[in-house]
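First the structure, in the form of structure tokens, and then the observations on it.
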């Protein structure tokens with residue numbers, strides 16, 4: 001079976017590039033041919049895989065049994081892939097179930113309101129057109145987390161893959177007639193650099209709570225800051241390490257209240273060094289509300305390293321088993337959420353044995369459920385079945 | 001404009017910023033409006049709202065219709081892609097069969 005695999009690749013700063021880098025070597029073993037089409041040139045793949053520019057796909061797409069398009073919300077990485085997926089339909093992998101950010105960027109972001117109107121009306125008919133006009137009056141009314149804007153892509157595609165059960169349930173309920181399958185996100189294996197806290201510039205003896213990522217209000221960084229500030233008197237050695245640009249644009253009082261407990265690491269370009277920072281942490285916090293149905297590479301990496309993780313009880317995170325991480329309900333009250341997070345962190349830090357057991361269960365869970373080889377086998381089974389349905 | 005439904009128009013209540021005599025001005029204008037224009041303008045507003053409601057209904061019908069056509073077109077695009085891929089596989093199969101037939105002929109010769 002011949003596959004065209006269309007995705008961003010490392011070194012682009014996107015979890016989807018990492019996903020593909022983890023999965024492709026295993027896919028190459030289970031399919032007769034896998035040609036990779038990337039938005040940027042990449043040398044980060046295993047030998048034996050041909051990487052072509054996405055612009056070469058149109059003249060070759062008929063030579064493949066199926067084209068597999070990886071779609072996320074970042075228009076810089078996914079504009080051309082989205083356009084190809086509509087023009088030359090194949091199997092689409094929805095890394096985010098909600099694509100409203102992508103579609104808004106592709107239309108309104110280019111001054112094309114009519115394009116946005118068409119997409120929202122496609123999804124919701126006349127009511128959608130009204131929503132689009134309301135959004136045009138005040139963009140704060142844009143239903144980013146209410147309307148997924150993925151209907152056109154799902155309708156045109158020969159199959160849809162999602163890597164969260166949450167997204168699978170949503171997709172099945174909205175598109176009962178479509179070919180949709182759930183396949184867990186692949187993980188690694190990845191090895192962190194063998195670096196001590198001292199070598200990483202982190203304080204020895206500190207209780208280190210770490211968060212990481214790019215700026216996004218859905219990551220609730222303000223809530224984490226409030227929780228850390230609240231725990232300061234009870235755990236004087238508590239420090240909060242922030243990897244990436246999460247603090248960018250964050251101006252709420254929580255940051256000032258941290259009183260020297262905040263360690264700004266900044267963006268870490270090397271994955272193995274990034275993993276070393278996670279490995280040196282005591283707890284990883286990765287809150288998310290609202291969720292666009294995405295799986296979290298950060299959560300998988302932290303759990304694979306045997307680190308205790310605190311997540312929001314929403315979207316993909318809600319489907320994680322309750323005994324492998326701490327899941328916090330979203331209350332729509334920042335103060336209440338910060339209090340709950342502070343209680344959860346205090347509980348984890350005060351009971352290291354129970355915390356270690358939970359983290360070990362997390363490690364096993366990732367090794368079993370997200371094993372790249374197993375994920376590649378599931379791709380093979382699903383794509384072969386869909387190929388059979390298509391070609392008989 | 002009606003704040004609950006932006007498609008409808010309605011009476012705008014009189015107001016006045018004038019100190020002390022503001023309420024008097026408002027009351028006078030209400031009485032004058034009641035005598036001179038209210039019974040003339042209100043039925044026109046009602047007619048206009050009926051018209052706006054119809055325009056809105058037509059607009060919704062057209063938006064729904066365009067969305068349906070768009071969805072049908074998308075389904076056809078998927079079916080076309082399936083058909084093109086199936087034809088490509090049949091062409092490959094045909095080439096295989098032809099080359100096998102050629103080999104068979106050569107063996108026969």
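The values are calculated or read from the model by the stated rules, or taken from the named source; none is laboratory data. Everything numeric here is computed off the predicted structure, so don't read it as measured data. Cβ placement follows ideal geometry from the backbone for every residue including glycine, while neighbour counts extend to all protein chains displayed.
Observations
- From the options A:306, A:362, residue that is within 26 Å of residue A:25 (Cα to Cα), touching a strand residue (DSSP E or B) at 6+ places or on another chain (Cβ under 7 Å) and outside the structural domain of residue A:23 (by TED's automatic domain parsing): A:362
- From the options A:362, A:335, A:392, A:339, residue that is within 14 Å of chain B (Cβ to nearest Cβ) and more than 15 Å from residue A:181 (Cα to Cα): A:392
- Selection status of residue A:211, touching a residue at least 40 places away in the same chain (Cβ under 8 Å), more than 14 Å from every other protein chain (Cβ to nearest Cβ), assigned to a strand (DSSP E or B) and under 22 Å from the mean Cα position of the chain (by Cα): yes
- Any hit, the range A:377-387, residues being assigned by TED's automatic domain parsing to the domain that holds residue A:227 and touching a residue at least 60 places away in the same chain (Cβ under 8 Å): no
A quick yes/no check of all residues on (1) over 26 Å from residue A:40 (Cβ atoms); (2) in contact with a helix residue (DSSP H, G or I) (Cβ under 9 Å, 6 or more places away or on another chain); (3) within 13 Å of chain B (Cβ to nearest Cβ):
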position	(1), (2), (3)
A:80	no, yes, no
A:89	no, yes, yes
A:118	yes, yes, yes
A:123	yes, yes, yes
A:135	yes, yes, no
A:141	yes, yes, yes
A:154	yes, yes, yes
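- Test: residue in the range A:51-64 that is buried (at least 19 other Cβ atoms within 10 Å of the Cβ), away from every other protein chain (no Cβ under 14 Å) and in contact with a helix residue (DSSP H, G or I) (Cβ under 6 Å, 6 or more places away or on another chain): yes
- Restricting the range B:54-63 to residues that are within 8 Å of another protein chain (Cβ to nearest Cβ) and surrounded by 14 or more Cβ atoms within 10 Å (Cβ to Cβ), the residue that is nearest to residue A:123 (Cα to Cα) is B:63.
- Scanning the range A:157-179 for residues that are within 14 Å of chain B (Cβ to nearest Cβ), buried (at least 22 other Cβ atoms within 10 Å of the Cβ) and not in a loop (DSSP other than H, G, I, E, B) gives A:159, A:160.
- Hey, residue B:46 more than 10 Å from every other protein chain (Cβ to nearest Cβ) and part of a helix (DSSP H, G or I) or not: yes
- Residue count for the range A:327-348 satisfying the condition of being surrounded by fewer than 20 Cβ atoms within 10 Å (Cβ to Cβ) and closer than 16 Å to residue A:358 by Cβ: 5.
- Residues of the range A:76-111 that are under 28 Å from residue A:382 (Cα atoms), out of contact with any strand residue (DSSP E or B) (no Cβ under 8 Å at 6 or more places or on another chain) and not in a loop (DSSP other than H, G, I, E, B): A:77, A:79, A:80, A:83, A:86, A:87, A:100, A:103.
- Residue count for the range B:64-100 under the criterion of being within 21 Å of residue A:67 (Cβ to Cβ) and within 7 Å of chain A (Cβ to nearest Cβ): the result is 11.
- Of all the residues in the range A:300-309, those that are surrounded by fewer than 24 Cβ atoms within 10 Å (Cβ to Cβ) and under 17 Å from the mean Cα position of the chain (by Cα) number 1.
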